[in-house]
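Scroll down for the structure; my scribbles are underneath it.
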Amino acid sequence: MRRSDLALAGLVVAGLFAAVAAAPARAAVDPAPVVAAERAFAADGLALGIRDSFLKHSAPEAIVLQPEPMLAKAAFAAAQPKGPPLVWWPLWAGIARSGDLGFTTGPYSYDGKLTAYYFTVWARQPDGGWKWLFDGGPPSDPTGAAPQGSPVAYARLSARKAGSPAKAMAEVSRAEAALAAAAKTDAKAAYLAVAADDGRIVGSKAPPPGDRAALEAELATRPAAIAFSPLGGSASSAGDLAWTYGSARWTRDGQDRRGHYVRVWRNDVGGWRLLFDELLPTPVKS
């Protein structure tokens with residue numbers, strides 16, 4: 001090779017290194033925007049009152065359980081504009097790799113009394129802002145929970161992407177069907193087969209589980225057999241995170257009971273795993 005060719009090659013290589021060095025680093029994906037949205041929502045809860053803050057921050061398709069699923073806009077439209085202060089703060093959060101679907105959960109107090117835990121699913125809107133898709137949490141004991149303003153723990157990001165929301169929901173639907181089939185005879189085993197190693201399963205009055213042993217203890221409080229029926233949900237644009245909800249039926253103390261489940265599924269190395277699950281019984285009429 002001539003020296004002129006060597007010099008030209010050197011310039012090309014130097015230019016490539018310079019371009020790489022000059023290229024901006026890709027921002028890490030973390031749930032910070034979801035946490036910020038939740039905190040803004042909570043701040044408005046005090047400034048605007050429960051009704052107006054919930055209406056302001058909900059997506060058009062957002063739902064709540066009243067006790068059946070219904071659009072949040074309709075549920076809160078008839079609510080009183082003010083009321084006792086409702087205070088809540090996130091302590092655990094997760095987000096999709098595409099940065100457009102996430103969740104947070106943490107304790108809340110009502111009228112100055114530490115009460116239970118909330119759970120919120122969030123979706124990024126076309127304008128870049130965030131609105132919630134579902135809001136409603138379990139009666140988990142908040143005693144000893146970290147105080148307001150504490151650092152938020154982040155769930156691990158997914159390992160795989162399905163590539164599209166439609167493909168993700170098709171895969172998640174199959175995972176839900178398998179879970180439902182197994183739960184008809186052994187709910188605990190059905191959940192343990194799909195629960196992520198860092199997953200949280202809640203629904204009782206016990207504190208949210210922080211390890212596998214506590215998760216298994218939580219499952220022991222559930223009925224031995226549960227019949228699940230899916231109702232809806234959505235997935236991230238990357239197809240790596242999805243949330244679902246549906247109805248549930250079981251028998252306890254010889255009585256037929258019913259309620260709803262809400263879940264977050266994450267696309268892990270071994271396939272879709274349950275990152276979050278809450279079972280919310282319908283109140284029994286007296």
- Task: Note down the net charge around residue 252, summing +1 for each Lys or Arg and -1 for each Asp or Glu among other residues with Cβ under 12 Å from its Cβ.
- Result: +2
- Item | Given [x] 156; [y] 176; [z] 146, the label whose value is volume of the Cα convex hull per residue in Å³ derived from this model | [y]
- Task: Can you tell me the dipole magnitude for the chain around its Cα centre, using point charges on the Cβ only (Lys, Arg +1; Asp, Glu -1), in Debye to the nearest 20?
- Result: 340 debye
- Item | Contour excess over end-to-end distance, with Cα ends at residue 52 and residue 68 and 0.36 nm allotted per residue | 3.6 nm
- Message: Once each part is reduced to its C-alpha centroid, what is the distance from segment 127-143 to segment 203-269 in angstrom?
- Response: 16 Å
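Could you pull out the trypsin sites (Lys or Arg not before Pro) across segment 186-260 that fall in loop regions by DSSP (anything but H, G, I, E, B) with no more than 13 other Cβ atoms inside 10 Å?
Working: sites: 188, 200, 205, 212, 249, 252, 257, 258; in loops: 205.
Qualifying residues, ordered by number: 205.
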- Message: Between residue 231 and residue 156, what is 0.36 nm times their sequence separation minus the Cα-Cα distance? Round to one decimal in nm.
- Response: 24.3 nm
- Query: Which percent of the accessible heavy-atom area of the chain goes to carbon and sulfur, probe 1.4 angstrom?
  - Reply: 59 percent
- Task: Report, to the nearest 10°, how far helix 32-48 tilts away from the longest principal axis of the Cα atoms in the chain, using its own Cα long axis and a range of 0 to 90°.
- Result: 40 degrees
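Exactly which GluC sites (Glu not before Pro) in segment 128-235 are in a DSSP loop and have at most 14 other Cβ atoms within 10 Å? Could the numbers behind the result be given before it?
On the way: sites: 171, 176, 216, 218; in loops: none.
Qualifying residues, ordered by number: none.
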- State the number of lysine pairs found in the chain whose Cα atoms come within less than 22 Å, restricting to pairs 8 or more positions apart or on distinct chains. 10
- Message: Could you sort 256, 198 by their accessible area in this structure, using a 1.4 Å probe and putting the largest first?
- Response: 256, 198
- Message: With every protein chain kept in place and ligands, DNA and RNA left out, what is the accessible area per residue of segment 116-211? Probe 1.4 Å, answer in Å².
- Response: 47 Å²
- Task: Within the set of other residues whose C-beta is less than 13 Å from the C-beta of residue 159, count the net charge using Lys and Arg as +1 and Asp and Glu as -1.
- Result: +2
- Mind checking the full-extension length gain between residue 251 and residue 224? Use 0.36 nm per residue of separation minus the Cα-Cα distance, one decimal, nm. 8.8 nm
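Local charge sum around residue 278 (other residues, Cβ-Cβ under 13 Å, Lys/Arg +1, Asp/Glu -1)?
Working: positive: 200, 205, 222, 263; negative: 135, 218, 277.
My count for the surroundings of residue 278 gives +1.
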- Message: Defining a contact as two alpha carbons under 8 Å apart and six or more residues distant in sequence, what relative contact order in percent does the chain show?
- Response: 14 percent
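The values are calculated or read from the model by the stated rules, or taken from the named source; none is laboratory data. None of these values were measured; they are calculated from a predicted model. Virtual Cβ from ideal backbone geometry, glycine too; neighbours counted across all protein chains shown. Side chains included, ligands, DNA and RNA excluded: accessible areas come from the protein's heavy atoms. Shrake-Rupley method; radii C 1.70, N 1.55, O 1.52, S 1.80 Å.
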